[in-house]
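The values are calculated or read from the model by the stated rules, or taken from the named source; none is laboratory data. Fair warning: this is a prediction, and the values are worked out from it, not measured in the lab. Cβ sites come from the backbone with ideal geometry, for glycine too, and all protein chains shown count toward neighbours. Heads up: the accessible areas ignore ligands, DNA and RNA and are worked out on the full protein's heavy atoms, side chains in. Shrake-Rupley method; radii C 1.70, N 1.55, O 1.52, S 1.80 Å.
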Amino acid sequence: MKPRKPLVAGNWKMNGGTLANEHLFTGLRASIDRHLMSQVELIVCPPYPYLGQAAAWLGDTDIAWGGQNVASLESGAFTGEVSATMLEDLGCKWTIVGHSERRTLLGEEDETISRKAELALAQKLNVIYCIGETLDERERDITEEVLRQQIERAAPVIASAPAERFVIAYEPVWAIGTGRSATPEQAQAVHEFIRTTMAAMGVQHARQIRIVYGGSVKPSNALALFSMPDIDGGLIGGASLVADEFVAICRAAALG
Ligand code: 13P
C-alpha cells in the first residue's frame, strides 16, 4: 500500500466531439465503480467546450473533471482565455498547468505557469503541475538541472498548497505520444529526485505530494510503472480516449 492515494488523470488534449465523448463517458460510467473510486482518484480533462458535457455525464459519479489549462490573469480583455473562476463555475475540481505542449509549442514559461497555479489554488481548483525534460536535454545529460530549475520556480506555490490539492506530473517530453515510455526504473529515479529536491527547497510536505508519471502509459506498462515507490499514478494522453484502456490503467493504479 502506498502512503499516498494514487491519482489517474486523462488529458484528452484537442480530441473528441459531442458524440465521441458520449461514448467515452458511457464506457467510464459502466466500468468505474465505487470500490475503484475508493482506491484511486480519477479525473478527466476534456477540451474546454466539453466541460459542461462532462458535468452532465459525471456529476453524479466520483469521477472529477478539469481544465487542460487556465489563464494566468483573473478576468478582462484577454480574447480566447479561460479563467480559473470560469473553470470552477463549470464544476471543475482540477486544472492542468504547464503541459509540455504548451511550454514548447506556445512558449509558456515557468513564471507564467506558477502564476496560473497560484490563481487556480486561490479559486479552489486543485492543480496538476507538469514538468519534464526534452530528448535533447536528456541526451546532454542535463535532466536534473532542467527539473531543478522547474521545481525551483514552482516551490513557493507548492509549499503554500495543501498536499492533496497539488500534484506534480513528470512527463519526459521524449515519451509523450511517441509510444516510447520511460522505463519504470528511469521514471522512479526522476520521481525520487523530484521529491528530494522539493524537500530541499523547503516544501515540508514533499512526502505527501503525489508525483504522477505521463508519457505513453498504456494498460501493458501501467502496473510496472505504478508499482514504483515514488510513482503515484499517471497523466494519460492517447490511452485516456479509449474507455477500456483508461479503466485498465486506473485498475493498475489501484494495484500498484
Ligand atoms: P501520451 O499518453 O499520449 O503519451 O500523452 C501523455 C501526455 O502528454 C499526458 O498529458
(message) Taking the criterion of being without any contact (Cβ under 8 Å) to a residue 60 or more places away in the chain and in contact with a Ser or Thr (Cβ under 7 Å, 6 or more places away or on another chain), would at least one residue in the stretch 241-251 satisfy it?
(response) no
(request) Considering only the stretch 34-123, give the helices (runs of 4 or more DSSP H) lying wholly within it that have at least 1 residues that are touching a residue at least 60 places away in the same chain (Cβ under 8 Å) and within 16 Å of the ligand (Cβ to nearest atom). (result) 100-106
(message) Considering only residues that are open to solvent by less than 50 Å² (accessible area, probe 1.4 Å) and more than 29 Å from Met14 (Cβ to Cβ), which ones fall in the stretch 160-176?
(response) Ala163
(request) Just give me the residues in the stretch 127-145 being surrounded by fewer than 22 Cβ atoms within 10 Å (Cβ to Cβ) and under 19 Å from the mean Cα position of the chain (by Cα), in sequence order. (result) Thr134
(request) Report whether or not Lys124 is of a type outside the set (Phe, Trp, Tyr), over 18 Å from Met14 (Cβ atoms), open to solvent by 70 Å² or more (accessible area, probe 1.4 Å) and under 16 Å from the mean Cα position of the chain (by Cα). (result) no
(request) Could you list all residues from the stretch 86-121 that are surrounded by 19 or more Cβ atoms within 10 Å (Cβ to Cβ), farther than 21 Å from Arg148 by Cβ and among the aliphatic types (A, V, I, L, M)? (result) Leu87, Ile96, Leu119, Ala120, Leu121
(message) With the requirement that a residue be more than 14 Å from the ligand (Cβ to nearest atom) and open to solvent by less than 10 Å² (accessible area, probe 1.4 Å), what does the stretch 228-246 give you?
(response) Ile231, Asp232
(request) Go through Gly215, Gly179 for me and flag whichever is loosely packed, with under 15 Cβ neighbours inside 10 Å and on the phi > 0 side of the Ramachandran plot. (result) Gly179
(message) All but one of (1) under 18 Å from the mean Cα position of the chain (by Cα); (2) open to solvent by 10 Å² or more (accessible area, probe 1.4 Å) hold for Ala54; state the number of the condition that does not hold.
(response) (2)
(message) As an exercise: evaluate Ser83 against (1) surrounded by 15 or more Cβ atoms within 10 Å (Cβ to Cβ); (2) modelled with pLDDT under 95 and give the number of the one condition it does not meet.
(response) (2)
(request) Quick one: in the stretch 22-59, of everything that is within 23 Å of Val212 (Cα to Cα) and acidic (Asp, Glu), which residue is modelled with the highest pLDDT? (result) Glu41
(request) Mind listing whichever residues of the stretch 1-33 are of a type in the set (A, V, I, L, M, F, W, C) and away from the ligand (no atom under 16 Å from the Cβ)? (result) Met1, Leu19, Ala20, Phe25, Leu28, Ala30, Ile32
(request) Return the residue satisfying two criteria in turn: it lies in the stretch 206-226 and is of a type in the set (Gly, Ala, Ser) and in contact with a helix residue (DSSP H, G or I) (Cβ under 7 Å, 6 or more places away or on another chain), and of such residues it is nearest to Glu192 (Cα to Cα). (result) Ala206
(message) Checking Gly237 against (1) without any contact (Cβ under 8 Å) to a residue 12 or more places away in the chain; (2) more than 22 Å from Arg153 (Cβ to Cβ): exactly one of these is not met. Which one?
(response) (1)
(request) Considering only residues that are within 30 Å of Leu241 (Cβ to Cβ) and among the basic types (Lys, Arg), look in the stretch 196-219 and name the one that is nearest to the ligand (Cβ to nearest atom). (result) Lys218
